[in-house]
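Nothing in this text is a laboratory measurement; each read-out follows from the coordinates by a stated rule. Remember, predicted model here, so these are calculated numbers, not experimental data. As a convention, Cβ positions derive from the backbone with ideal geometry for all residues, glycine included, and neighbour counts pool all protein chains shown.
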């Protein structure tokens, strides 16, 4: 590991609250962290936002990109057509080694497409995977993949486990992460052929594989890494987000039902504040897009300044720990973790 400051390209035009929240997060990060931050996007809009903050650190600079990829545009076509979009330019800077990492709260599909087309994949990796840190009863878990690849093969899921293992050890500081395979039952023979074949690969690996886990285990802290294909992972993630919103709305309704419940809510306010912080996605910074030949952090579309600031810290740790180099070493030392063709 090295503690050297890193240079991070931030898509200032991506996300529901861009560029205001993105710029605010970059300024906060620059005031607390030693890294160089390149705000990528339309110069006038970014400069106007920066003017709202006194004494912006000199480590924050603006790199102009004339086009913007909106959240509803088709990813692959858009990336090919909008070569001067903030996402495309940020990726190109990483490819040219003018930046060490890229962060965006913009169109996830466009980020995946731009990452694969521009940066390419790490040697031995066939598909990238998006990992997202989810809160648990005693510790968080990394769920991977949550949408980068919806048609996975067993070797892809094994590679997700390998990449997740490196990420969790260095970013979440778990010495030997427990890896579970998301399935419909705990027994080894459960599930589709994909699940059975993946189970066998994980069991033969040197990873700390604990077997199948079920949907009820996702937030139970039973595993530090939960592996699944992108289709299942995305459905699970959206269901968890929906449940969280529903529980919050129902709780608010019940706590404001009468004077007694309102009084109880006021007395319990510190507990609610602590709970809110523990389950706040902004605390984890963003979701790593693992498997690319470069460092890419995807933030929630509605990311706040706090989320962007934490994403900068996560991206810097990723670079400083040399996680991509470690992933490549692991893959190359274990022939079963790759197929004959290192790329799709």
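Using every pair of separate Cα atoms, the Kirkwood estimate puts the hydrodynamic radius of the chain at 20.8 angstrom.
Mean sequence separation of contacting Cα pairs (under 8 Å, at least six apart), scaled by the length of the range 129-280, corresponds to a relative contact order of 30 percent. Taking packing as the residue-averaged number of other Cβ atoms within 10 angstrom, the listed peptides 172-183, 322-333 run from highest to lowest as 172-183, 322-333. Across the alpha-carbon set of the range 1-103, the Rg to Rh ratio works out to 0.98, Rh being the Kirkwood radius. With R₀ set to 25 Å, the beta-carbon distance separating residue 47 from residue 96 gives a calculated FRET efficiency near 0.60.
At R0 = 22 Å, how high is the FRET efficiency between residue 153 and residue 221 if r is their beta carbon distance? Nearest 0.05 is fine. Efficiency at R0 = 22 Å is approximately 0.15. Take every Cα pair under 8 Å whose residues are at least 6 apart in sequence, average their separation, divide by the length of the chain, and the relative contact order is 25 percent. Residue ranges 285-292, 133-140 sort as 285-292, 133-140 when ordered by packing (mean number of other C-beta atoms within 10 Å per residue, highest first). Peptide packing: for 190-196, 156-162, the average count of neighbouring Cβ atoms within 10 Å per residue gives the ranking 156-162, 190-196, highest mean first.
Calculated [222 nm] ellipticity per residue, helices only, for the chain: -13500 deg cm²/dmol; basis is -39500 (n - 2.57) per DSSP H run with n ≥ 4, divided by all residues, nearest 500. Between residue 257 and residue 173, full extension at 0.36 nm per residue minus the direct alpha carbon distance yields a gain of 26.0 nm.
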